[in-house]
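First the structure, in the form of structure tokens, and then the observations on it.
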Amino acid sequence: MLTIDAHLDLAMNALEWNRDLQQPVTAIRLREQGKIDLPDRGRGVVSLPDLRKGNVGLVVATQIGRYVAPENPLPGWHSPEQAWAQTQGQLAWYRAMEEAGELTSITDIPTLETHLNLWKNPSAAADKKPLGYILSLEGADSLITVGHLERAWQQGLRAVGPAHYGPGRYANGTDATGNLSALGKALLREMERLNIILDATHLCDEAFWDALNCFRGPVWASHSNCRQLVNHNRQFSNDQLRELISRQAVIGLALDAWMLVPDWVRGRSTPQAHNCALDTALDHLDHICQLAGNTNHVGIGSDLDGAFGKEQCPYDLETIADLQKIPVLLARRGYTPTDIENVMHGNWLRFLRHAWQ
Ligand SMILES: [Zn+2]
């Protein structure tokens, strides 16, 4: 079944992890054997061939570059200009993948519908179809000024999550606190003018409510799970989920183990010992459906290349192609064929067609 994944950090993996995503996962892992510079070395689960194998024909792919002030212990760039340059390098990788026939940029209804027709066409060779990608910015720190947003829009940027981890120039994110700054509000106004989707993921609670109160454009949460099931500020409370549902948002299920099962300890816990399977992940998706009273507000935003790999994934997922196990698991829970299509692609498509009309 055609699958849409609303959150992957493809360019970050290509440039910062030095992964040649044109190779299959097996080859990327082999080349990383013996390397210990990062916890997920040799354990990646995402590549372009494996996305095709899993019929993931459309992804939301990020640019990401954090600015850090001298006292901020998080990794990041020491000036917004450096962060901007980093995201421009990431854009250059996406462009190179377009030239190689691996990716195609989706920016509006015509490019979306043309791409969907290609993926529906059974005669087009499945291993040759370009993957569609919608460009998104995770954390807005790299926008040197609010004026840079229009330039980014011209480059194809269609969604922005103002925050990531920690304090941000425009909004505070996961593990931080505080209301939106004047700069953050100005960014939201410019996003509204350009019809850029607000990604609510990673906004700290105060910034979340500020943003939803002042932003009138389309809102989604590309990769977020439920606080009721795993209690952490990175997850959404029921009130936040209800607000997103009332705003016609779609919420993407993230498949990072620590967000799926309680009491995960990074580097120590294992998916098997914590009983973290794809079906466990679906508890989060199901919780949102129960709050909504329907299946119209959930999708997949796997984050499967977000600085973790097999060591921190559901244990029955070997590569991203295993997203194709989800329809079977949903059917077992009593989801109808229409519900399952909603989850795998229908809700994201409805959202995009409405946002871009
Ligand atoms: Zn994220």
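The trypsin sites (Lys or Arg not before Pro) of the range 187-217 meeting both criteria, a DSSP state outside H, G, I, E and B (loop) and at most 14 other C-beta atoms within 10 angstrom of the site's C-beta, are Arg216.
Of the trypsin sites (Lys or Arg not before Pro) in the range 270-357, the ones in a loop by DSSP (not H, G, I, E or B) with at most 16 other beta carbons within 10 Å are Arg333.
Can you check what the net charge comes to around Glu113, using other residues whose Cβ is under 11 Å from the Cβ of Glu113 (Lys, Arg +1; Asp, Glu -1)? Write down the numbers at each step before the final one.
Values: positive: Lys120, Arg353; negative: Asp108.
So the environment of Glu113 carries a net charge of +1.
Computed over protein heavy atoms with a 1.4 Å probe, the carbon and sulfur contribution to the accessible area of the chain reaches 51%.
Could you pull out the GluC sites (Glu not before Pro) across the range 1-79 that fall in loop regions by DSSP (anything but H, G, I, E, B) with no more than 15 other Cβ atoms inside 10 Å? Intermediate values should be presented prior to the final figure.
Working: sites: Glu16, Glu32, Glu71; in loops: Glu16, Glu32, Glu71.
Sites meeting the loop and neighbour criteria: Glu71.
Close Lys pairs in the chain (alpha-carbon distance under 26 Å; sequence gap of 8 or more, or different chains): 12. For the peptides 104-115, 169-180, 79-90, 152-163, the ranking by packing is 152-163, 169-180, 79-90, 104-115, with the highest mean count of neighbouring Cβ atoms within 10 Å listed first. With only the Cα atoms considered, the chain has a convex hull volume of 127 Å³ per residue.
The Cβ shell under 14 Å around Trp264 holds other residues with a net charge of 0, Lys and Arg each +1, Asp and Glu each -1.
Could you do me a favour and compute the accessible area per residue for the chain, 1.4 Å probe, result in Å²? Mind showing how you got there, number by number?
Details: 14190 Å² over 357 residues.
Accessible area per residue: 40 Å².
From the C-alpha coordinates alone, can you work out the Kirkwood hydrodynamic radius of the range 255-307, in Å?
Values: mean 1/r = 0.0822 Å⁻¹.
About 12.2 Å, per the Kirkwood formula over Cα pairs.
Its DSSP H runs of at least 4 residues, each contributing -39,500 (n - 2.57), put the calculated 222 nm mean residue ellipticity of the chain at -10500 deg cm²/dmol, to the nearest 500.
Tally Lys and Arg at +1 and Asp and Glu at -1 over the other residues with C-beta under 9 Å from the C-beta of Trp77: what net charge comes out? Result for the local shell: -1.
What translational D, rounded to a whole number of µm²/s, comes out for the range 158-240 from Stokes-Einstein when the hydrodynamic radius is the Kirkwood one over Cα pairs, at 10 °C and 1.306 mPa s? Let's see the in-between values first.
Working: Rh = 12.5 Å.
Diffusion coefficient, whole number: 127 µm²/s.
The values are calculated or read from the model by the stated rules, or taken from the named source; none is laboratory data. Nothing here was measured: the structure is a model prediction, and the numbers come from that model. Because the Cβ atoms are built from the backbone with ideal geometry, glycine has one as well, and the counts that use them run over all protein chains shown. With ligands, DNA and RNA removed, areas are computed over all heavy atoms of the protein, side chains included. Shrake-Rupley method; radii C 1.70, N 1.55, O 1.52, S 1.80 Å.
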